[in-house]
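So the structure is just underneath, and the comments pick up after that.
The values are calculated or read from the model by the stated rules, or taken from the named source; none is laboratory data. Given the structure is predicted, the values throughout are model-derived calculations rather than measurements. So basically every Cβ, Gly included, is an ideal-geometry build from the backbone, and we count neighbours across all protein chains shown. The area values use the complete protein model at the heavy-atom level, side chains included, leaving out ligands, DNA and RNA. Shrake-Rupley method; radii C 1.70, N 1.55, O 1.52, S 1.80 Å.
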Amino acid sequence: MKILKFGGTSVANDENIKKVKSIVKNASEVKIGVVVSAFGGVTDLLLESLQLASSQDIAYKNKLSKIEERHFKVIKELFPINAQSGILSKVKSELNDLETLLEGAFLIGETTPRLSDKVVSYGELLSSFVISEYFITEGLNTILKDGRALIITDENFGNANIDFELTNANCSNHFAQVKEIITVIPGFVSSSTLGNATTLGRGGSDYTAAILAAATNAEVLEIWTDVSGMYTANPKLVKQAKCVSHISYEEAMELSHFGAKVLYPPTIQPVLTKGIPIVIKNTFAPEEEGTLITKSKNDKDKTVRGISHVGNITLLSLEGSGMVGIPGISKRFFETLSQEGISVVMITQASSEHSICVGISDKDAEHATIAVNTTFEYEIASKKIKPLVVEGNLAIIALVGDNMKSHQGLSGKMFSTLGKNNVNIRAIAQGASERNISAVIRKDDVKKALNTLHEAFFEENIKQLNLFVMGVGNVGARFLEQIKQQKKYLKAELKLNIRVIGISNSRTMTFNEDGISLKNWEVELVDGEKANKTVFIEKVNKLNYRNSIFVDNTANKEVSETYTSYLKNSVSVVTCNKIACSSDFASYKELKQLAKKYNAPFLFETNVGAGLPILDTLRHLIASGDKINKIQAVLSGSLNFVFNNFNSKTTFHDVVKQAQEEGYTEPDPTIDLSGIDVMRKILILARESGYELEIEDIKNEPFLPEESLNTNSNEAFFESLKKYEEDFQELYADAAQKESKLKYVAQFENGKASVGLQQIPKGHDFYNLEGSDNIVLFYTERYPNQPLIIKGAGAGAEVTASGIFADIIRIGNF
Ligand code: ADP
Ligand code: ASP
Ligand code: MG
């Protein structure tokens, strides 16, 4: 004897029902009971139609026609024409009865739990009828048995309690007598001892099947659904979730109690008592093994078996200084909830003796609040207790596993993982069974929390970074190219999985929740929506991915002003844009503080020396207790390029032009030639060294004539360079005559910074600087005479892109 149960999706349409038929056909060597749900979505339609009818909204008729259409379509697809009319007219006659019930509710403008059960039972009654007829037409030896004649309950409508004595007798009698091999039974429906239709609660078809399995001592209970078993987390929310091949009853119960909908919690009880194994199988991939649920304990080394969540939770807290003195508060609180039929999903550890805190379903919140406040009316009036504090829009997230109790540190890891991703924990509970640790969090954080925890407990190795990239010009495009090339390596060697979720340039933006193809991003971007920085932020926050990183590859001030919004949502920021860190000190400080507060790194290595590890080195020096006394540096790859190539045989104009064309200058070359760019860099170095400095504090003696500094277009600027060629040649000749080279130098000493063009004599550290190289000399307490020197290519798109990449990897290892 076997019991097979097929859920709503498994019987949602004719195609799926055909799949069910072949599964049943293969299984029917022995007697089997086939329990079916309503066609997927029909239960909801029935409830909605009743809701509308009872609020006197005529739209209930639309829902009713939808229900009719769904059934008629299935019948027309499944049966040969000559067999259709009988089945259609039977279904139509049932639907007419249903319509009469709904009309009644419409006229009175009211519904009752009893009517609701009667209405909702039509889903399973109709599906089981159609499916059994189909099996018969297909030549399977089948009979239909009404679940209401088998499963007997009390009159607790909507969630009835089973009378096991009657029910077990009914079930075993039926299977002892039945001649047909296959009995099709509607799930979910039952009837009271008084003969009224009742139901077993949402998801209750699983329960029907379990009751049948236990009553008939079935060898196995097979739950056929739309996923290949019980997973380490809901596979629809966590892509990396894995199927658990074998799990204990207790673990399965705990997981389903905390929302693993794949199994309705009460299901386990009847089969557990008899030790009947449950197998969860996928109707759409029957060849897959699925999950076996039995009594046997797990292998000892598996601690956490799964992560679940229950949505729509409201937290009720009863608090007040007077609570300690008054006996029986807790008892009265729980009694009130129980008398009102409100089930408590979790009880949390109160932070003090002065409060009791429970999680209940959102739908019960209003009812519970009124009831509890009434119970404690006297205490509230006399100010011994505060009115109930109610907080909605929450969810419970739980780690489940048999062996968790014998392992320390799991809850620590759970909470620090959530904390790192800025998932705020409202309350904590450890189940008395010690088989779960659960936390109450915001509903909006559920997906992120499930994924981060899954990563921490099941994928320990791989960490996923989700990138949102703004600016895909010179630097940005190379950055994406580098990721594309390194993706495999990073996954294999550094256990980092980098996905680019959003891309924007100044014209358009595009998002792909599964990651944008790095081969094809240009096409996706062109087809994207109109670029908008605010919408971009909203999108990043709404997606609420773990390890989100905003990457700014622009030189745009407005973009730099969006960093605070990202950091405040725990989105890390990586930028090559210097504007933020070189604006006023207060803003720089704010960004650093936000990064700390929200656990979201803010990194800008490429602000100084492109890909050279200058800031990183500086930070390590300081972290290890060193102190920076003096910095001397050539920090402008652009100016270096210019002065290395400028001599008596070239013209200043042509060299600057070439530097611009080869991508060595900022888009606006005056930013480099005026010294502003270098001022920003030394400012950032000084600030990162721990000094409070503003850009106005930096001394700058420009070498460009006034006129060139104040042009209002690129063309005018280059014209002015032509005009002053003679002055530039003079600068060169003067240095050459002293066997010196021109270098643009930045200095920081005694809290003061300056920048300017200098003649560097032979033998100086700066003399042989080539191409676009940068050099930084750090004089510190530990390096007082011989400075710590960092030198190398300090400009260019490729090295800048790799510097950004390095920051991303730093965050990955964070
Ligand atoms: P049926 O209609 O077959 O009864 P349900 O929708 O009730 O199916 O349950 C199956 C669903 O349970 C899956 O589609 C999946 O989204 C959800 N689910 C939640 N948690 C888990 C989990 N840990 N493992 C598998 N499925 C889960
Ligand atoms: N049809 C019912 C529901 O949707 C019962 C079930 O499918 O298990 O809740
Ligand atoms: Mg279900």
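Using only alpha carbon positions, build the gyration tensor of region 618-765, then give the equivalent ellipsoid semi-axes as the square roots of 5 times its eigenvalues, largest first, whole angstrom. Please list the in-between numbers first.
On the way: eigenvalues 170, 64, 35 Å².
Semi-axes, largest first: 29, 18, 13 Å.
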- Extension gain from residue 381 to residue 701, taking 0.36 nm per residue of separation minus the Cα-Cα distance: 107.7 nm
- Query: So what is the 222 nm mean residue ellipticity for the chain from helices alone, if each DSSP H run of at least 4 adds -39500 (n - 2.57) and you divide by all residues, rounding to the nearest 500 deg cm²/dmol?
  - Reply: -12500 deg cm²/dmol
- Which stretch or stretches of region 699-727 have amide N atoms under 20 Å from the point lying 7 Å from residue 651's Cα along the Cα→Cβ direction? 704-727
- Task: Could you check the simple spin-label distance between residue 485 and residue 138, using points 7 Å along Cα→Cβ, in nm with one decimal?
- Result: 5.6 nm
- Could you give the nm distance between label points at residue 627 and residue 759, where each point is 7 Å from its Cα heading toward the beta carbon? 3.7 nm
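Residue 767 to residue 733: FRET efficiency via 1/(1 + (r/R0)^6), r the Cβ-Cβ distance, R0 25 Å, to the nearest 0.05?
Working: r = 18 Å, r/R0 = 0.72.
Step by step, r from the Cβ atoms, then E = 0.90.
Around residue 161, what is the net charge, scoring Lys/Arg as +1 and Asp/Glu as -1 over all other residues with Cβ under 10 Å from its Cβ? Present the calculation step by step, with values, prior to reporting the outcome.
Numbers: positive: none; negative: 154, 155, 163.
Local charge sum for residue 161: -3.
If I take every Cα pair under 8 Å that is 6 or more residues apart in the chain, average their sequence separation and divide by the length, what percent do I get for the relative contact order? The partial results should precede the final answer.
Details: 1608 pairs, mean separation 65.6, N = 814.
About 8 percent, as a whole number.
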- Could I have the simple spin-label model distance between residue 177 and residue 321, label points 7 Å from Cα toward Cβ, reported in nm to one decimal? 7.1 nm
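Tally Lys/Arg at +1 and Asp/Glu at -1 over every other residue whose Cβ is under 14 Å from the Cβ of residue 194; what's the total? Before the final figure, lay out each step's value.
Numbers: positive: 114, 118, 148; negative: 117, 154, 155, 163.
That sum, taken over residues with Cβ under 14 Å, equals -1.
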- Query: Can you give the extra length, in nm with one decimal, that the chain gains between residue 94 and residue 66 once fully stretched, where that is 0.36 nm per residue apart less the Cα-Cα distance?
  - Reply: 8.6 nm
- Item | q = 0.12 Å⁻¹: log10 I(q)/I(0) that the Debye formula gives for region 1-142, counting C-alpha atoms only | -0.51
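Which order do peptides 531-539, 259-267 fall in by mean Cβ count within 10 Å, highest first? Display every interim value, and only then the final one.
Details: 531-539: 15.1, 259-267: 22.2.
Going by the mean number of other Cβ atoms within 10 Å, highest first, we get 259-267, 531-539.
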- Task: Quick one: which residues, 5 or more positions from residue 780 or on another chain, have an amide H under 5 Å from its amide H? H modelled 1.01 Å from N in the peptide plane, none for Pro or chain starts.
- Result: 629, 788
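So what's the net charge close to residue 775: Lys and Arg +1, Asp and Glu -1, counting the other residues with Cβ under 11 Å from its Cβ?
Details: positive: 743, 791; negative: 765, 770, 773.
For residues surrounding residue 775, the net value is -1.
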- Return the sequence-ordered ³J(HN,Hα) values of region 545-557 in whole Hz as given by the Karplus equation 6.51 cos²θ - 1.76 cosθ + 1.60 applied to θ = phi - 60°, using x for Gly and Pro. 7, 5, 6, 7, 10, 8, 10, 9, 9, 9, 10, 9, 5
- Message: I need the fraction of alpha carbon pairs in the chain separated by more than 44 Å, rounded to a whole percent.
- Response: 47 percent
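Taking each pair of different alpha-carbon atoms in region 695-759 once, compute 1/r for the pair, average those values, and report the inverse of that mean as the Kirkwood hydrodynamic radius in Å to one decimal.
Numbers: mean 1/r = 0.0736 Å⁻¹.
Averaging 1/r across every pair of different Cα atoms and inverting gives 13.6 Å.
Of the listed peptides 66-72, 398-404, what is their order by residue-averaged count of other C-beta atoms within 10 Å, with the highest listed first?
The most tightly packed comes first, giving 398-404, 66-72.
Indicate the gyration tensor shape class of region 357-400 (rounded, prolate or oblate), computed on the Cα atoms with a ≥ b ≥ c the square roots of the eigenvalues: a/c under 1.5 is rounded; otherwise a/b larger than b/c is prolate and the rest oblate. Write out the running numbers ahead of the final one.
On the way: a/c = 3.22, a/b = 2.19, b/c = 1.47.
Because a/c hits 1.5 or more and a/b exceeds b/c, region 357-400 counts as prolate.
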- Note on the structure: For region 639-776, averaging the sequence separation of alpha carbon pairs under 8 Å that lie six or more residues apart and dividing by its residue count, the contact order in percent is 31 percent
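Hey, if we sort 707, 455, 289 by accessible area with the 1.4 Å probe, largest down, what's the order? Write out the running numbers ahead of the final one.
Values: 707 75, 455 15, 289 145 Å².
Ranked list, largest accessible area first: 289, 707, 455.
Work out the FRET efficiency for residue 425 and residue 617 from their Cβ-Cβ distance, taking R0 = 35 Å, and round it to the nearest 0.05. Show your work: numbers first, answer last.
Numbers: r = 37 Å, r/R0 = 1.05.
That gives a FRET efficiency of 0.40.
Using Cα-Cα distances under 8 Å and only pairs 6 or more residues apart, what relative contact order does region 310-398 have, in percent? Write down the numbers at each step before the final one.
Details: 147 pairs, mean separation 44.8, N = 89.
Result for region 310-398 is 50 percent.
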- Item | Lys/Arg +1, Asp/Glu -1 at C-beta; the chain dipole; positive extreme among 556, 191, 601 | 191
- Would you grab the residues whose amide H sits under 5 Å from the one on residue 346? Only those 5+ places off in sequence or on another chain, please, with H modelled 1.01 Å from N. 359
- Query: To the nearest 0.05, what FRET efficiency results for residue 22 and residue 526 with a Förster distance of 45 Å applied to their C-beta separation?
  - Reply: 0.45
- Message: Sort 238, 526 by heavy-atom solvent-accessible area, probe 1.4 angstrom, most to least.
- Response: 526, 238
- Task: Go through region 591-608 residue by residue and turn each phi into a ³J(HN,Hα) via Karplus (6.51, -1.76, 1.60, θ = phi - 60°); whole Hz please, and just put x for glycine and proline.
- Result: 4, 5, 5, 4, 4, 5, 4, 9, 6, 10, x, 10, 10, 8, 3, 6, 5, 10
- Message: What whole-number distance in Å separates the alpha-carbon centres of region 520-589 and region 597-669?
- Response: 22 Å
- Out of residues 5 or more away from residue 516 or on other chains, whose amide H comes under 5 Å of its own, with H placed 1.01 Å from N in the peptide plane? 500, 501
- Item | All lysines inside 29 Å of residue 630 as judged from Cα atoms, apart from same-chain residues fewer than 8 positions distant | 578, 589, 592, 596, 681, 699, 738, 741, 743, 752, 762, 791
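Tally the DSSP beta bridges in the chain and give the antiparallel ones as a percent, rounded to 5. It would help to have the intermediate numbers written out before the result.
Values: 71 of 121 bridges.
For the chain, the DSSP antiparallel bridge percentage is about 60.
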- Debye intensity ratio in log₁₀ form over the Cα atoms of region 725-814, taken at each q of 0.15, 0.16, 0.22 Å⁻¹: -0.82, -0.89, -1.20
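Taking the highest mean first, how do the peptides 2-10, 38-46 order by number of other beta carbon atoms within 10 angstrom per residue? Walk me through the numbers before you get to the answer.
Numbers: 2-10: 24.6, 38-46: 21.6.
The peptides rank, most packed first, as 2-10, 38-46.
Pop out the Kirkwood hydrodynamic radius of region 233-367 from its pairwise C-alpha distances, inverse of mean 1/r, in Å to one decimal.
Details: mean 1/r = 0.0564 Å⁻¹.
This gives a value of 17.7 Å.
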